[in-house]
Amino acid sequence: MTGRTWKNRPRAGETGGSACPTKTGQAETACPTSLAGYDGIQEIPIATPAKTNAARLLDQAGVRYELRHYPVVEEHLSALQVAEAIGMPPEQVFKTLVARGDRTGVVLACIPANTELDLKALAAASGNKKVELVPVKEVLGLTGYIRGGVSPVGTKRPYPLYLDETAELWDVISVSAGIRGCQMLLCPADLTRVVDALPCPIAIF
């Protein structure tokens with residue numbers, strides 16, 4: 001991750017955020033008790049629907065998170081447009097992609113909104129010789145989620161999840177809550193713990 005720097009990231013002890021649990025063997029500090037208004041951003045005033053399955057799983061795991069809603073425009077489902085809609089930097093908003101390896105079968109890759117998936121790096125990390133993205137028409141059947149609303153939490157089956165290592169640079173990241181129009185903000189360490197994700201360099205900037 002040499003040479004990568006991010007702007008506007010609150011650090012432990014600074015106004016606007018607090019550190020998440022660190023790697024095993026290091027001192028731990030609590031995740032933020034409230035994520036509302038993180039980085040000075042106001043929540044979008046939209047009617048709140050019932051909690052998604054992904055959010056309920058976080059509740060069961062005792063994870064602190066914030067649901068941030070945004071208006072859905074069918075033509076604007078890209079992760080970059082979602083980042084703009086919720087008022088967060090695209091480096092901090094992670095999209096979940098569904099891929100298939102020639103040895104392991106289906107795997108999930110979670111990368112920043114403004115990046116592309118490095119298929120060779122994902123293959124190496126997941127123990128495959130070759131990895132390809134699955135066709136969009138297969139996403140719902142494999143994950144239970146539709147395009148534009150794929151969450152790394154609560155898929156139909158517990159597929160291996162590979163999280164781009166830059167997630168660890170942030171105190172809070174955003175991932176889909178499992179439906180279009182709703183994102184979950186949480187500590188990357190909590191996401192890694194809940195879904196047993198493997199942080200690795202799989203994004204092309």
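Against the list (1) within 18 Å of LEU58 (Cα to Cα); (2) surrounded by fewer than 23 Cβ atoms within 10 Å (Cβ to Cβ), the condition PRO201 fails is (1). Being surrounded by 15 or more Cβ atoms within 10 Å (Cβ to Cβ) and in a strand (DSSP E or B) is a description that does not apply to VAL63. Filtered by the rule that a residue be outside any loop (DSSP other than H, G, I, E, B), surrounded by fewer than 23 Cβ atoms within 10 Å (Cβ to Cβ) and in contact with a Leu (Cβ under 6 Å, 6 or more places away or on another chain), the stretch 140-179 gives a lone residue, LEU161.
Listed here are the residues, each with its yes/no results for (1) out of contact with any Gly (no Cβ under 6 Å at 6 or more places or on another chain); (2) modelled with pLDDT of 80 or more; (3) over 21 Å from ALA177 (Cβ atoms).
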residue	(1), (2), (3)
GLY3	yes, no, yes
THR15	yes, no, yes
THR22	yes, no, yes
ALA36	yes, no, no
ARG64	yes, yes, no
ASP102	yes, yes, yes
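The set of residues in the stretch 108-135 that are hydrophobic (A, V, I, L, M, F, W, C) and either assigned to a strand (DSSP E or B) or at pLDDT below 95 (or both) comprises LEU108, ALA109, CYS110, ILE111, LEU117, VAL131, LEU133.
For the criterion of being surrounded by fewer than 21 Cβ atoms within 10 Å (Cβ to Cβ), over 22 Å from ALA61 (Cα atoms) and hydroxyl-bearing (Ser, Thr, Tyr), THR115 passes. For THR115, indicate whether it is of a type outside the set (Phe, Trp, Tyr) and either out of contact with any Pro (no Cβ under 6 Å at 6 or more places or on another chain) or more than 16 Å from LEU163 (Cβ to Cβ) (or both). Criteria met by THR115.
The values are calculated or read from the model by the stated rules, or taken from the named source; none is laboratory data. Treat the numbers as computed from the prediction; the structure is a model and nothing was measured. Using ideal geometry, Cβ is built from the backbone for each residue, glycine included, and neighbour counts are taken over all protein chains shown.
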